[in-house]
1. Which residues, taken from the range 261-294, are of a type in the set (A, V, I, L, M) and buried (at least 17 other Cβ atoms within 10 Å of the Cβ)?
2. For the range 150-170, what are the residues that are β-branched (Val, Ile, Thr) and either near the ligand (Cβ under 9 Å from one of its atoms) or within 17 Å of SER205 (Cβ to Cβ) (or both)?
3. VAL73: at pLDDT 95 or above and either within 26 Å of GLN294 (Cβ to Cβ) or surrounded by fewer than 22 Cβ atoms within 10 Å (Cβ to Cβ) (or both), yes or no?
4. Can you find even one residue in the range 231-248 that is hydrophobic (A, V, I, L, M, F, W, C), in a strand (DSSP E or B) and out of contact with any Pro (no Cβ under 6 Å at 6 or more places or on another chain)?
5. Taking the range 19-78 as the search range and keeping residues that are assigned to a strand (DSSP E or B) and aliphatic (A, V, I, L, M), which one is farthest from the ligand (Cβ to nearest atom)?
6. Identify the residue in the range 76-91 that is within 20 Å of PRO257 (Cα to Cα) and among the hydrophobic types (A, V, I, L, M, F, W, C) and, among all such residues, is surrounded by the fewest Cβ atoms within 10 Å (Cβ to Cβ).
7. Among what's in the range 220-255 and is in contact (Cβ under 8 Å) with a residue 24 or more places away in the chain and β-branched (Val, Ile, Thr), pick the residue that is farthest from VAL124 (Cα to Cα).
8. Only one of these is surrounded by 15 or more Cβ atoms within 10 Å (Cβ to Cβ), within 23 Å of VAL77 (Cα to Cα), of a type in the set (D, E, K, R) and under 20 Å from the mean Cα position of the chain (by Cα): GLU306, GLU297. Name it.
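The values are calculated or read from the model by the stated rules, or taken from the named source; none is laboratory data. What you are looking at is a predicted structure, and each value in this text was computed from that prediction instead of being measured. When we count neighbours, we look across all protein chains shown, and the Cβ atoms used for this are built from the backbone with ideal geometry, even at glycine.
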Amino acid sequence: MKRAVLAAALALGLVGVAQAQPYPSRPITIVVPFAAGGPTDALARTLGERMRVSLGQAILIENVTGAGGSLGVGRAVQAAPDGYTVSMGHLGTHVVNGAIYPLKYDLLNDFEPVALLAANPMMVVSKNDVPAKNLRELIDWLKANSGKVAAGTAGVGSASHFSGVYFQNLIKTPLNFVPYRGTGPALQDLVAGQIDMIVDQASNSMAQVQAGKIRAYAVTANKRLAVAPDIPTVDEAGLSGFYISIWNALWVPKGTPREAIAKLNAAVVDALADPAVRQRLADVGLDIPPREQQTPEALAAHQKAEIDKWWPIIKAANVKAE
Ligand code: MLT
């Protein structure tokens, strides 16, 4: 009798035959590989809030910090490839780290690209006590205090670290790098005067510069930022060609279904088109890529081009995992 009832129920489609749930049917986690309150975390939270609307599911942020972001990326790549764990990263984590660390994952082959998010230049910033009023004076002061100046970073291989190494190589003066789990806490210490400087992402330092709590000397781009037109470019400030753009992006582990990637990508595209999101990003100096650059294919091509560009430079600079 029981069997007959079951057969009838099956025939009527009343019993699920291991039917797959439509994606997404539960919350999605974005693994941020740096400390809460820093620029990567802030971007993930701003976008995650808007992606939730498109995806109809909560977006959870998990901060897994350490080793220049490589621990967080390593955590994400080992997750089930089901679209529920997303790796947030940037030029540091998904390009630079591959030239520095013996990673257990392959940055190009173990991930599927989802979308480019937004980019910002670095900003050379110091605590207000530093007796320099422009970049040339700062460089003179660094030379006079060679090796003694504490420069905060988010760990070896992070954006702030490799930009700091690039900077010290250009000015031929060593800095004393102080690693943190992200530039959020490093910036707090800069404002408090515990460290002297950071080569920091504009989006991280912007509010403190505008509040007069720290001093900005230059942006690592060939154009001034619309939101901070008083800060000169490195070319204008005397360090010509010191260009670094930190672009952020999302990836998922290799093997994630196409449908999940397409839905995540569409949610990013919606978020980047939202006027409120665009304004929040513009306010801190983040630049949104044009629509045609927001595809997974464009991210794959960009990441590969950046690896080809930066790995030789980083290897020549001899940046080592400590
Ligand atoms: C952060 O979110 O803390 C930064 O992106 C770290 C960095 O790479 O400098």
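1. Across the range 261-294, the qualifying residues are ILE261, LEU264, ALA267, VAL268, ALA271, LEU272, VAL277, LEU281, VAL284, LEU286, ILE288.
2. Looking only at the range 150-170, we keep the residues that are β-branched (Val, Ile, Thr), and these are 153, 156, 165.
Result: THR153, single match.
3. So VAL73 fits the description; yes.
4. Applying the first criterion (hydrophobic (A, V, I, L, M, F, W, C)) to the range 231-248 yields 231, 234, 237, 239, 242, 244, 246-247.
Remaining after also requiring in a strand (DSSP E or B): 246-247.
So of that shortlist, the ones also out of contact with any Pro (no Cβ under 6 Å at 6 or more places or on another chain) come out as 246-247.
Yes, the range 231-248 contains at least one residue that is hydrophobic (A, V, I, L, M, F, W, C), in a strand (DSSP E or B) and out of contact with any Pro (no Cβ under 6 Å at 6 or more places or on another chain).
5. If we take residues in the range 19-78 being assigned to a strand (DSSP E or B) and aliphatic (A, V, I, L, M), then ILE28 is farthest from the ligand (Cβ to nearest atom).
6. Among those that are within 20 Å of PRO257 (Cα to Cα) and among the hydrophobic types (A, V, I, L, M, F, W, C), it is ALA80.
7. Filtering the range 220-255 for residues that are in contact (Cβ under 8 Å) with a residue 24 or more places away in the chain and β-branched (Val, Ile, Thr), the one farthest from VAL124 (Cα to Cα) comes out as VAL252.
8. Working: GLU297 fails: surrounded by 15 or more Cβ atoms within 10 Å (Cβ to Cβ).
Answer to the selection: GLU306.
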